[in-house]
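A single structure is presented below for examination.
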Amino acid sequence: MNTFKTKTLAASLLVTLLATAAYAGPPEPRSAPDPQARAEKLATVPGLTQAQRDDIIRIEDESREAQRALMEKARSDHQKLRDETTRKLRVALGDKAYADYATWKLEQRGEHRRDHRHDRMGHRSPPGADGEPQAPAGE
């Protein structure tokens, strides 16, 4: 085995090892804050009475629940909109043309995300790095 292949293999194994070690699995769902810990933290706020601390906890709990319900409704509405759009496109295009369009759209999203990521990172891929032919020098 030549040194280039050895180094390439070692580098790919290292990347795989690091990626595996960095992945800790899906995040655990957030649980409600511990009421005892919240009460202890609020007790350190100067000038609050127990009644005021109780009001803070009640109001924040109500707000948290309202936000949770709002987010769930938004997710549901978003899914309904996506489903309705898909249905309309299938009716307008037919199954074959819709499948072609959907495939094309996914490919476009991948290119957009890849380009956006490079822009956000403050640099672009060198010409030809993405498989696109380079313009000849002097043009």
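The values are calculated or read from the model by the stated rules, or taken from the named source; none is laboratory data. Every value quoted in this text rests on a predicted model; they were computed, and no experiment measured them. We place every Cβ from the backbone using ideal geometry, glycine too, and count neighbours over all the protein chains shown.
Please determine whether any residue of the stretch 2-20 is modelled with pLDDT under 95 and under 20 Å from the mean Cα position of the chain (by Cα).
yes
Given 75, 53, 64, 58, which one is surrounded by 10 or more Cβ atoms within 10 Å (Cβ to Cβ), modelled with pLDDT of 80 or more and touching a helix residue (DSSP H, G or I) at 6+ places or on another chain (Cβ under 7 Å)?
Checking each option against the conditions leaves just 53.
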